[in-house]
Amino acid sequence: MSVVHAATTREWRRFTPAERLARYAVYFFIVAAVAVSAESIEIIPEFLYDAPEQFADMFQRMWPIAWGFYPEGVHEALIETLDIAALSTVLGLLMGIPVGFLAARNAVPVPVLNYFARFILVSTRSVSTLLWALFFVAVFGPGALAGTCAIAFHSIGFIGKLFSEAVEDANKGSIEALTAAGASPFSLILYGYWPQVKPTFWAIALFRWDINVRESAVLGFVGAGGIGMALDTAINLFQWDRVAMILVTVFVVVIIAEVVVTQIRKRII
Amino acid sequence: MLSIRNLSKSYVPGKPVLKSISVEIAPHGITAIIGPSGTGKSTLIRCINLLVEPTEGEIVFEGKDIAHLHGQALREVRRKMGMVFQEYNLVERLTVMENLLTGRLGYTSAWDSFRRKFEQSDIDHAFKLLEHVGLASFANTRADALSGGQRQRVGIARALMQKPALLLADEPTSSLDPKTSVEIMQLMCGLAEENQIPVMINMHDVDLAKRFANRILGMSEGSIVYDGPPEGLTDDKLKMIYGGEGWLA
């Protein structure tokens, strides 16, 4: 038996030589990319050595936190931020879901419409919220309306893309059965696709609201309303204790949003 | 009632799955289609209600060639043909009652379907059918909470909600245990007879086909090689349909 064994020992390698070469090429490429990137952003060593000191200095100025500033300068801005987040999520869903359906090749088997919808999804998403905000501040003037529109338009791409993927993953059998019953394309969406993607719809809505709360917190920097505007003012006036107060507020709100979303998601999915 | 003339279907040009099939279906009775996997049974059934578009040939239904209909005209023909599927194909997250009502979608306007507004006569009909298939107490149960046999009962009830002139069934019992298979066949064939609807069924189970059908179509490699009563289905004929003989006890 052992003799047979010795005779049939065969060599085995996980990768072929060509594959191994390709893997080394990828490793080399990653290292080279990191080196080139570090070179091009021109890190100034003096600033780097100095960093701990600067940190300490900033924290010193932030302490003690100006708790008293909350009622007079933060609360109203915070409510505005939450309003912007909620309203922009609803607006984004209203615009994103129809586009998502149009982008799904199974629900709308018209390639021209699919490409058109995909173009909208990619273009709205690739323009960042801050750019949208600059645009809408120019259109509507500074304020919460510009912020709401900015986040809503940026949300279209995110909502539409995730939603169209969910639609494309829907069970084909149910759709086939409704088609066989003579259902129109509209009825197919309503009775075939919608019930199947409803859990995903709620998951996307909650997740996007969660993101939009954080997005709306920074929009104030470009004059688009909300708590970011208060933050911008405090930084410009070097009122670091107030900056600290605002940062703590944002932190607490984001955590609360996270907990709430997790709890709701657990119950509906 | 239904007459299929020189029907061919090729998914890939030059490789026909159905080769010029011609067959007449009488306005009553149960026709079972048997044959090995991949021989075009499902394609044939799906060509009749145009879930698959035929490449060539005519499908004459109620005196009209329907093979090249589109849009509204196609939907009006489809709603006259009920279909039962192997994997039931219910909308899992809807209730049993909602699934039944989807059988009426071909008759419901977009606006009414959006408002979830169905005719009272449809709702009465749905409750009556649920009693017939033994699921009267399940109207508000979600489809994904049902067993396979129960789901197929819903599938049959949904097809009958269309008040169809023809019932198509694609392997309706292949996902079920032997006892439930017989019950489902009894239910489906009984209801079809009661309502005088002709039935076409794809089947794997030759014994079940012989037991319920009064006409057997044997298919092999895209053609019909046997067309006759179940009694005529001898071992020789089965060899012709399925090939080989080791599997015949």
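The figures follow:
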{"item": "Ellipticity estimate at 222 nm from DSSP helix runs (n ≥ 4, -39,500 (n - 2.57)) divided over chain B, nearest 500", "result": "-10000 deg cm²/dmol"}
{"item": "At most 16 other Cβ within 10 Å, DSSP loop - trypsin sites (Lys or Arg not before Pro), segment A:87-156", "result": "A:R105"}
{"item": "Segment A:55-141, Rg to Rh (Cα coordinates; Rh as Kirkwood inverse mean 1/r)", "result": "1.23"}
{"item": "For segment A:65-194, accessible area per residue (1.4 Å probe, heavy atoms of protein chains only), Å²", "result": "45 Å²"}
{"item": "Accessible area of segment A:2-59 belonging to carbon and sulfur atoms, whole % at 1.4 Å probe", "result": "69 percent"}
{"item": "Residues losing 50 Å² or more accessible surface upon assembly, segment A:181-199, compared with the chain by itself, 1.4 Å", "result": "A:A181, A:G182, A:F186, A:L190, A:Y191, A:P195"}
{"item": "List B:L168, A:L134, ordered by accessible area with a 1.4 Å probe, largest first", "result": "A:L134, B:L168"}
{"item": "Computed log₁₀ I(q)/I(0) - Debye formula, equal Cα scatterers, no solvent, segment A:70-268, q 0.08, 0.13, 0.16, 0.19 Å⁻¹", "result": "-0.33, -0.74, -0.98, -1.20"}
{"item": "For the pair A and B, total buried accessible area rounded to nearest 100 Å², probe 1.4 Å", "result": "2000 Å²"}
{"item": "Delta accessible area of at least 40 Å² on complex formation, residues of segment B:50-71, 1.4 Å probe, chain isolated as reference", "result": "B:L51"}
{"item": "Solvent exposure of segment A:2-59 as accessible area per residue, Å², 1.4 Å probe", "result": "100 Å²"}
{"item": "Net charge over other residues, Cβ less than 13 angstrom from the Cβ of B:V60 (K, R count +1; D, E count -1)", "result": "-2"}
{"item": "With every protein chain in place, segment B:1-115: carbon and sulfur % of accessible area (1.4 Å)", "result": "51 percent"}
{"item": "Rounded FRET efficiency, nearest 0.05, which uses the C-beta distance separating A:E168 from A:V127 and R0 of 30 Å", "result": "0.75"}
{"item": "Violating pairs (Cα-Cα greater than 18 angstrom) within the set B:K210/B:K239; A:K172/B:K179; A:K172/B:K163; A:K161/A:K266; B:K128/B:K163; B:K15/B:K41", "result": "A:K172/B:K179; A:K172/B:K163; A:K161/A:K266"}
{"item": "Expected-Rg normalisation [2.2 N^0.38 Å, Cα atoms] applied to segment B:94-178", "result": "1.09"}
{"item": "Carbon + sulfur, % of accessible area of segment A:70-268 - ligands and nucleic acids excluded, 1.4 Å", "result": "72 percent"}
{"item": "Centroid-to-centroid separation of segment A:184-204 and segment A:1-79 [C-alpha atoms, Å]", "result": "40 Å"}
{"item": "Accessible area of chain B divided out per residue, in Å², using a probe of 1.4 angstrom", "result": "44 Å²"}
{"item": "Distance between segment B:146-215 and segment B:52-89 - C-alpha centres, whole angstrom", "result": "19 Å"}
{"item": "Relative contact order computed over chain A (Cα-Cα under 8 Å; 6+ residues apart), in percent", "result": "25 percent"}
{"item": "Kirkwood hydrodynamic radius (C-alpha pairs) into Stokes-Einstein, the protein assembly as shown, 10 °C and 1.306 mPa s, D in µm²/s", "result": "56 µm²/s"}
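The values are calculated or read from the model by the stated rules, or taken from the named source; none is laboratory data. Predicted, not measured: the structure shown is a model, and the values here were computed from it. So basically every Cβ, Gly included, is an ideal-geometry build from the backbone, and we count neighbours across all protein chains shown. To get the accessible areas, we keep the full protein, side chains included, count just its heavy atoms, and leave off ligands, DNA and RNA. Shrake-Rupley method; radii C 1.70, N 1.55, O 1.52, S 1.80 Å.
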